[in-house]
Structures are given as C-alpha cells and as structure tokens.
1. Give me D for the protein assembly as shown in µm² s⁻¹, whole number, from Stokes-Einstein with Rh from the Kirkwood sum over alpha-carbon pairs, 37 °C and 0.692 mPa s.
2. Which residue is it, in chain B, whose C-beta lies closest to the B-to-A rotation axis, and what is that distance in whole Å?
3. Shortest first and in nm with one decimal, please list how far the B:LEU142 label point sits from its counterparts in the other copies (point 7 Å along Cα→Cβ).
4. With +1 on the Cβ of every Lys and Arg and -1 on the Cβ of every Asp and Glu, and nothing else charged, how large is the dipole of the protein assembly as shown about its Cα centre, in debye rounded to the nearest 20?
5. Go through A:LYS150/B:LYS101; A:LYS166/B:LYS169; A:LYS73/B:LYS102; A:LYS102/A:LYS169 and tell me which ones have a Cα-Cα distance over 27 Å in this structure.
6. Please give the average number of partner chain Cβ atoms lying within 10 Å of the Cβ of each residue in A:120-128, rounded to a whole number.
7. Express the relative contact order of chain A as a whole percentage, based on alpha carbon pairs under 8 Å and six or more residues apart in sequence.
8. How many nanometers, to one decimal and shortest first, lie between the label point of A:ALA165 and those of its other copies, if labels sit 7 Å from Cα toward Cβ?
Number of protein chains: 2
Amino acid sequence: MNLPPLVQSFVLHFGEMGSRWGINRTVGQIYALLYVSPEPLNADQIVEALGISRSNVSMSLRELQAWNLVLLKHLPDDRRDFFTTPDDVWQILRTLAEERKKREVDPTLSVLREILMQQPASDAERHAQERMSEMHGLIERLTTWYEDVKQLETDRLATLLTLGAKVTKLLEAKDKIVSLGRSKRSTEKG
Amino acid sequence: MNLPPLVQSFVLHFGEMGSRWGINRTVGQIYALLYVSPEPLNADQIVEALGISRSNVSMSLRELQAWNLVLLKHLPDDRRDFFTTPDDVWQILRTLAEERKKREVDPTLSVLREILMQQPASDAERHAQERMSEMHGLIERLTTWYEDVKQLETDRLATLLTLGAKVTKLLEAKDKIVSLGRSKRSTEKG
DNA sequence: CTGTTATTTCAGTAATTACTGAAATGACAG
DNA sequence: CTGTCATTTCAGTAATTACTGAAATAACAG
C-alpha cells in the first residue's frame, strides 16, 4: 500500500471497522479509498493503491455495488470501468440505512410475523409469543418512523436532527395548553 | 436442539441474523433463547436447549455481558448463575444503540478528528481532508441528536417516533408565520 | 473472424473465527 | 484443609470466510 499517509490512516481504519460491521476488511478499504479519491478510480488503480489481487478487487466492488455504495462511471474513449462513491454524505447515509434495513430488519420482521400467526401449543410458547410481539411492535414503530423520515429532503432532515428532543418539550407545552382548554370547556359544560 | 417449534424458529433466525451483525451464531441464539424464556436460565440449561458445549456457552455469555444485553441473576440457595435479558424492549434498544455507538461510531470519530488535525502535504491530501470533514460533520450531527434523544423517557420517545416527519411540517408552518411577521414588521419599519 | 484488453469466475489455499474437551480456577460447605 | 460443584481458560481443531492465480468470458477494434 502506497498512499499519502493521511489517506492511508483513513483507509486502514475503515478496513478494521469493516470487520465490526458485516463487511470485510478489503471492502471497507476500497470504499474508503474511493470516498476520498478526487476522481473515479479503475480496478487496477485500486489494486495498485491497496496491494491486493485483481480478483479480490473485482469481487469487493461487486459487493459494494450490491450495497449501492459505489457508482460505476465511464470515461470517454476508455472502456475500463471507473468507480466513485456518491458525493453527498446525506445520500450515503440514506443508502446505508436503506440497505441495512433491507438486510437486517425486514427479514426479522417477516419471521416474527410468521411466528405470531401460529397457534401456541403450550404456556412456554404463549409466553414466547408475547415477548416476540413486544419486539415486533417496537420494530414496526421504528420502521414506520424511518419510512416517514427518509422521505425528507436533506435540509429538513437536518432541521429535525438539530431539534432533537426539544420537539417533545414543545409538544408537552402545547398539550398542557390544549388540556387546559379542554378542562375549561368541560367545566363550562358540566 | 429440543425446543418448542415456535421458539426454535425464533432462535434459529436470530442465530442467522447474528452473523449479519458482528455477532456470531451462538451468541445470537443464546440471546434469543433468553429473550423468550419465561424465567432465567443457567448455563447448563442453555447447553441442553441449544446442543452446544459448556465452554461455548460460557464464552458467549461473556460476550453478551460485555454488550450489556444480558443480566446475571442469583436464585436463593443456588450458587449457579442464571441469566435473563432486560424485560423492557425500549431499554434493550437503548443499550444496543449505546453499545453500537461505542464500538462503531466513536472510534471512527476519533480517527477522523485526529486526521483532520494534520497539515495536508498535497492536493490529494487536501481533498481527502475535505471529504473526511464532511463525514465528520455528518457523524457529529447524528451523535449529537442521539445524545439528545437518548435521555428521553420511553413514552416521550414513543411520541417523537409517532410524530416522525410531521414535526418538520409543523415547523415550516410556524416559520412561514414568523417570516410573515418579520417581513410585515420590516415593511412597517422601511 | 483474430487479437487485444477488461472483467469475472472459481477451485484451491490462506487466514480468521468459532467451538470443543480437558484442565485450571474459584467458591463454598463441612 | 478436603471435596464438590460451577465457571473459566485455553490449546487444539473444525468451520467459515477471505483471497489468490489461472482460466473463462466479454467487449470491442481492426
């Protein structure tokens, strides 16, 4: 590996982090390299930069494409494939969330649903179903929220993030006012 | 493995899912088993239920304890260790988020910060730093939001989730009113 | 077609990670 | 102390996953 030291640290870190996710070292490194590269790279440049085999690069790029984390580009008069990552980090975040949901959450939801359909045959099963139902409920809440929020454009999402928990305080204040109004009216009525 | 069929499906699914996270199959299965079990289990019961070695159970429970996903309980007049998962699924979610942040996000943030401190020695490095800075900014935003939201009690968090993107619509409405007010005032003034 | 260059596939191997059984440690009762 | 039961450690092995080089496929130019 022969990269500017600053880039190398980044690439190596992503490689290690990769293993903590499901992703493997090489895939992480390639992603990091493409992410910081000023222009698209072709497979041989990646081989050169990371010192790994051509076939490994090919397979890892496939993996990254399956994750939609990498874009294929073609330069005029050059039939090699060049690769980049999307520029917009928010877009990257969205993609990552979407893919992880698809791979990690959706299958679980469908297994839970299936099990919850079945008739429990014992107390143990009944209890298990209750627990699974709690889990199912939580996951559904989270995914509904996610489906809702993912539609937002970047600046609105940013606003939402900046607000964070403040929103609930606002709402509680509003609720108090509303309930005051209600109790006043109900008093008038009663 | 000799479990009620319904429990078995759940346990097996979690085992497979485990591999898609960093967690391994056995750890996933043990967690799932404890999660649906009506009362705490000791190591030998887990060995029995899952058909794996005693030592594997011991190591996997350690891993789960390191993740704070499992609680150690003692029954009176019994010196064996018994294990459960926390009852409250929201609490489990919090723990999971906290641990994943600690392991997957914090190290990246600190590497990024370190690299961004350094003086770039070339155009390539300058460009790389810019990209890293974008990533750093995004992650900081997300973690700030998370730090903020994680303090909320369950019912407030639930409210926040239920609202989802509606909040931004409310805010935009508010902003329009405020900016109307402002432009009115500035007209009066000018 | 033929030759050239780019990419992919895949069987074999290397590296890593998971799991086991045996032995060590610990915790306690008598 | 000694014996008993529970848990942990760890070296060896099994299983899985990652990686390579060689061969196959593909995409084109002439």
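1. This corresponds to a translational diffusion coefficient of 135 µm²/s.
2. Looking at chain B's Cβ atoms against the axis toward A, the nearest is B:VAL167, 3.
3. 1.4
4. 1440 debye
5. A:LYS73/B:LYS102; A:LYS102/A:LYS169
6. 5
7. With pairs under 8 Å counted, the relative contact order is 12 percent.
8. 2.6
Every read-out reported here was derived from the displayed coordinates using simple, explicitly stated rules and does not represent laboratory data. These numbers come from a predicted model, not from an experiment. Positions of Cβ are backbone-derived with ideal geometry, glycine not excepted, and every protein chain shown enters the neighbour counts.
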